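Single-structure report; data block below.
Coordinate-derived values only; no laboratory data. Since the structure is predicted, the reported quantities are computational estimates derived from the model, not experimental observations. Using ideal geometry, Cβ is built from the backbone for each residue, glycine included, and neighbour counts are taken over all protein chains shown.
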Amino acid sequence: MTTSRGRGRGSVVLAVGLVLAAAGSAALTRPAGRTSAVRSASASGQLVTRTQLGCPDHSSGRRVDTSVRLGLVPGPGLGSGGRVRSGAGVELTRGRLVTVPSAGGPAVRAGGAAAAGLFGFRADRRPGRTLAVAPCVAPRARWWFTGAGAVLDHSSTLLLANLDPGTAVVDLRVLGPDGDVNTVATTGIVLAPGSRKRFDLADLAPETDDLAVEVRAERGRVAAAVTDALRTAPDAAWREDYLPGTARPGRALVLAGLPRTAQRRTLLVANPSELEAVVDVAVSGRSGSFTPTGSTQTSVAPGAVATVDLTRLLGGDEPAAVRLRSSQAVLAVVRSLQDDDETYAAPAAALSGPAAAPLVAGARATVQLTAGTVAARARVVAYDARGGRLGATTMSMGPAATSAWSPKAGAGYVVVSPTTGRSGRGSGTVQGAVSYRGGGLAAVPLVDLPLRELRPGVEPGLR
């Protein structure tokens with residue numbers, strides 16, 4: 001096992017422990033009686049009328065094939081499509097993929113019929129060497145990225161974009177193996193409307209590896225991305241990927257998107273709290289959650305990042321996800337290295353509706369889904385770039401189990417829709433990712449599409 005440096009009491013403690021399955025999503029409760037003058041009587045799922053996405057603004061260099069594609073997920077009652085602003089206007093037909101220029105990191109804005117179910121992604125391929133895939137993301141006020149580096153053989157760049165008409169003011173926080181990193185000029189960063197900024201982490205936290213970075217917008221919101229480049233020796237080839245971003249730390253995490261095989265796997269856990277975090281690690285395989293021989297219980301000091309070598313714990317060729325249960329809210333990823341590339345398995349949120357992910361030409365894609373505490377099912381449909389169905393399946397997972405399915409070659413994207421039954425087998429929560437292998441490694445977590453928004457109804461109550 002390899003561990004990070006600690007802060008005296010922050011050493012990594014190894015022990016065998018079984019993790020409880022991640023708790024299901026919280027349910028909304030209805031008041032027992034009508035005692036207030038005004039209450040929320042109902043919530044109708046109205047289609048969203050505005051969607052905004054930001055794609056990574058990254059100069060990938062020569063001999064790299066880059067593509068940015070947009071699409072509207074197909075479905076009944078969603079409308080036929082519409083015009084989307086991405087530089088020049090783009091006409092989207094529901095179900096079809098459209099390629100747009102990648103220069104400058106496109107800002108995508110959609111309204112009306114083109115807003116519901118909009119998704120986009122960027123794929124960078126260095127032929128025969130590396131593959132990197134990143135979603136175009138909706139702006140928000142808070143981001144976390146784990147697994148970055150600021151040393152000679154591991155460098156990362158933070159990309160920020162303000163897509164809104166108002167000014168955004170951002171603070172950055174950097175955590176390292178020894179705790180909070182003292183940084184310069186990382187508070188009160190001003191992004192004018194429509195502007196973009198990039199930060200080399202070597203300028204913020206020089207000579208520090210295995211970092212976690214927080215982006216907190218004190219005013220406004222931003223779209224954020226982190227590019228990552230790593231090599232295992234001075235004469236080795238550079239491995240490149242995008243770090244997955246998460247909104248907040250959690251006490252129960254499912255890290256999804258592990259490739260079937262890898263030469264090296266490293267778990268990175270960041271503890272942004274002021275208390276020591278004790279983290280139990282387990283694996284969700286085809287038959288459910290289990291603790292493999294030599295599994296770990298890891299102690300992470302306040303504000304620190306710990307690393308644990310999982311290479312021997314995640315052997316075999318079956319689909320799997322890593323489950324964490326922590327005494328404090330933490331952030332985590334699993335970094336997998338294979339041949340000349342790297343990929344990151346990130347925390348995946350339980351899906352409440354459809355999710356979409358790209359399928360990259362020349363790479364074999366695998367949909368990996370993990371159930372919560374009860375059995376779950378999801379419908380997965382693969383489409384070509386014109387919106388034609390190329391295959392479909394219903395994936396079933398036992399409690400805390402992981403299942404996988406690979407669509408046929410030639411598909412352009414997949415849509416994953418969890419079941420919504422209230423009882424019976426297959427009504428539990430589903431979370432997961434799509435991983436890619438072929439000319440490199442990559443993975444993207446599955447997230448809910450912008451589809452419907454809840455609009456509470458209001459009615460007078462009894463006095």
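Set the Förster radius R0 to 35 Å, insert the Cβ-Cβ distance between Arg109 and Val184 as r into 1/(1 + (r/R0)^6), and round the FRET efficiency to 0.05. For R0 = 35 Å, the calculated efficiency reads 0.50.
Summing charges over neighbours of Ala365, with a neighbour being any other residue whose Cβ is under 11 Å away from its Cβ, gives +3 when K and R count +1 and D and E count -1. Compute the signed sum of charges (Lys and Arg +1, Asp and Glu -1) over the other residues within less than 10 Å, Cβ to Cβ, of Leu310. Neighbourhood net charge equals +3. Only helical DSSP H runs with n ≥ 4 go in: add -39500 (n - 2.57) per run for the chain, normalise by residue count and round the 222 nm mean residue ellipticity to 500 deg cm²/dmol. Taking each H run of at least 4 residues, the total per residue is 0 deg cm²/dmol.
Give me log10 I(q)/I(0) at q = 0.21, 0.24 Å⁻¹ for the stretch 337-415, Debye formula, one equal scatterer per alpha-carbon, no solvent. Taken in order of the listed q values, log10 I(q)/I(0) reads -1.05, -1.20. Size estimate for the stretch 134-445 follows the Kirkwood approach: the inverse of mean 1/r over distinct Cα pairs works out to 20.0 Å. Note on Ala404 and Gln263: the model spin-label points, each 7 Å out from Cα along the C-beta direction, lie 1.9 nm apart. Across the stretch 141-180, the residues whose backbone nitrogen lies under 18 Å from the label position 7 Å along the beta-carbon direction of Glu276 are 177-180. For Asp317 and Ala138, the difference between the fully extended length at 0.36 nm per residue and the C-alpha to C-alpha distance is 61.0 nm. Look at the alpha carbon pairs under 8 Å that are at least 6 residues apart: their mean separation over the length of the chain gives a relative contact order of 21 percent. Computed from point charges on the beta carbon alone (+1 for Lys and Arg, -1 for Asp and Glu), the dipole magnitude for the chain about its Cα centre is near 1860 Debye.
For the pair Ala236 and Glu218, label points projected 7 Å from Cα toward Cβ lie 4.0 nm apart. How high is the FRET efficiency from Thr167 to Ser396, r the C-beta distance, R0 60 Å, rounded to 0.05? Plugging the Cβ-Cβ distance into 1/(1 + (r/R0)^6) gives 0.75.
Look at the Cα gyration tensor of the stretch 48-133: its axes a ≥ b ≥ c give a/c of at least 1.5 with a/b over b/c, and that counts as prolate. Of the peptides 176-185, 322-331, 230-239, the order by per-residue mean of other Cβ atoms within 10 Å, starting with the highest, comes out as 322-331, 176-185, 230-239. Rounded to 0.05, the FRET efficiency of the Asp203 and Thr419 pair, given R0 = 56 Å and the Cβ-Cβ distance, is 0.70. The stretch 177-329 has equivalent-ellipsoid semi-axes of 30, 20, 16 Å, by the square roots of 5 times the alpha carbon gyration tensor eigenvalues, sorted largest first.
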